[in-house]
1. Of these, A:Leu91, A:Leu39, A:Leu60, which one is modelled with pLDDT of 95 or more and under 20 Å from B:Gln42 (Cβ atoms)?
2. Residues in segment B:34-60 that are of a type outside the set (Ser, Thr, Tyr), closer than 17 Å to A:Phe106 by Cβ and under 13 Å from the mean Cα position of the chain (by Cα): how many?
3. Of all residues in segment B:69-109, count the ones that are part of a strand (DSSP E or B), over 18 Å from B:Ser27 (Cβ atoms) and more than 10 Å from chain A (Cβ to nearest Cβ).
4. Give A:Ser87, A:Ser27 a once-over and let me know the one that is of a type in the set (S, T, N, Q) and exposed (fewer than 13 other Cβ atoms within 10 Å of the Cβ).
5. Which condition number does B:Asn61 fail, the rest of (1) modelled with pLDDT under 95; (2) under 26 Å from A:Asn10 (Cα atoms); (3) away from chain A (no Cβ under 14 Å) being met?
6. How many residues are under 26 Å from A:Ser101 (Cα atoms), assigned to a strand (DSSP E or B) and either free of Cβ contacts under 8 Å to residues at least 24 places away in the same chain or under 11 Å from the mean Cα position of the chain (by Cα) (or both) if we restrict to segment A:6-34?
7. Filter segment A:35-44 down to the residues that are crowded, with 21+ Cβ neighbours inside 10 Å and either facing chain B (nearest Cβ under 10 Å) or out of contact with any strand residue (DSSP E or B) (no Cβ under 8 Å at 6 or more places or on another chain) (or both), then identify the one that is farthest from A:Arg69 (Cα to Cα).
8. Is it the case, given these coordinates, that A:Gly99 is at the interface with chain B (Cβ under 7 Å from one of its Cβ atoms), surrounded by 14 or more Cβ atoms within 10 Å (Cβ to Cβ) and either among the acidic types (Asp, Glu) or in contact with a Phe, Trp or Tyr (Cβ under 9 Å, 6 or more places away or on another chain) (or both)?
Amino acid sequence: GAGVSQTPSNKVTEKGKYVELRCDPISGHTALYWYRQSLGQGPEFLIYFQGTGAADDSGLPNDRFFAVRPEGSVSTLKIQRTERGDSAVYLCASSPRPGRSTEAFFGQGTRLTVV
Amino acid sequence: AQSVTQLGSHVSVSEGALVLLRCNYSSSVPPYLFWYVQYPNQGLQLLLKYTSAATLVKGINGFEAEFKKSETSFHLTKPSAHMSDAAEYFCAVSDPGDTGFQKLVFGTGTRLLVSP
């Protein structure tokens with residue numbers, strides 16, 4: 001497809017389990033972002049990739065959260081030992097290049113529910 | 001640190017009426033400002049952005065916003081609301097920091113309700 005694709009669209013998991021969320025950016029986009037949107041809140045920055053490297057992971061809440069982008073395209077957000085507070089919509093966005101004014105294109109998100 | 005405040009979690013208008021969604025920002029440097037719209041079960045879509053050029057910015061779907069430095073505001077307007085404008089609207093500021101990328105700080109959003 002032409003847009004940012006995120007899978008799964010919905011994920012329900014039990015507390016303590018491990019989950020992986022996948023993001024397929026727009027082809028050719030070098031910049032990739034993950035955000036988290038809790039109920040009733042705006043999205044919050046988690047991590048930014050330029051190419052394969054995580055250029056800024058200052059938004060990751062703790063060491064249970066980790067993200068990779070091994071080939072500079074698809075990215076996976078990994079959450080270990082999930083907690084109920086991790087329940088949120090996880091958004092991925094990509095841009096053709098870095099830059100403060102460059103438009104970021106968002107996917108539809110993965111809704112994670114931890115029960 | 002940069003921050004954004006959106007006054008009013010919900011705004012209700014009648015079809016054909018003026019739409020005004022408020023956004024105030026806090027930034028230690030000249031900001032880059034954005035408005036995004038989120039329709040149900042869809043991703044965020046950029047409506048418009050201010051990047052230090054013209055202070056009146058025109059976006060898609062008839063929306064526009066005016067950057068007012070003296071008021072630290074970037075309110076979103078549309079002269080005549082349409083039913084299809086019903087959605088959640090987010091204002092965001094790009095955190096400059098020392099980075100060269102777009103690290104967005106979002107407001108809490110305003111849900112626009114349009115009645116016939």
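1. Only one candidate qualifies: A:Leu91.
2. Going residue by residue through segment B:34-60, those that are of a type outside the set (Ser, Thr, Tyr) are B:34-35, B:37-38, B:40-49, B:53-54, B:56-60.
When the remaining residues are screened for being closer than 17 Å to A:Phe106 by Cβ, the result is B:34-35, B:37-38, B:40-49, B:59-60.
Remaining after also requiring under 13 Å from the mean Cα position of the chain (by Cα): B:34-35, B:37-38, B:44-49, B:59-60.
Number satisfying all stated conditions: 12.
3. Filtering segment B:69-109 for residues part of a strand (DSSP E or B) gives B:73-78, B:87-95, B:103-106.
Restricting the remaining residues to those that are over 18 Å from B:Ser27 (Cβ atoms) gives B:77-78, B:87-89.
Adding the requirement that they be more than 10 Å from chain A (Cβ to nearest Cβ) leaves B:77-78, B:87, B:89.
Here the count works out to 4.
4. Going through A:Ser87, A:Ser27 in turn, the sole match is A:Ser27.
5. Among (1) modelled with pLDDT under 95; (2) under 26 Å from A:Asn10 (Cα atoms); (3) away from chain A (no Cβ under 14 Å), B:Asn61 violates only (2).
6. Of the residues in segment A:6-34, 7 are under 26 Å from A:Ser101 (Cα atoms), assigned to a strand (DSSP E or B) and either free of Cβ contacts under 8 Å to residues at least 24 places away in the same chain or under 11 Å from the mean Cα position of the chain (by Cα) (or both).
7. Once the filter is applied, the top-ranked residue is A:Gly42.
8. Yes.
The values are calculated or read from the model by the stated rules, or taken from the named source; none is laboratory data. A quick note: this is a predicted structure, and the numbers were derived from the prediction, not measured. Every residue, glycine as well, gets a Cβ built from its backbone with ideal geometry; the counts of neighbours run over all protein chains shown.
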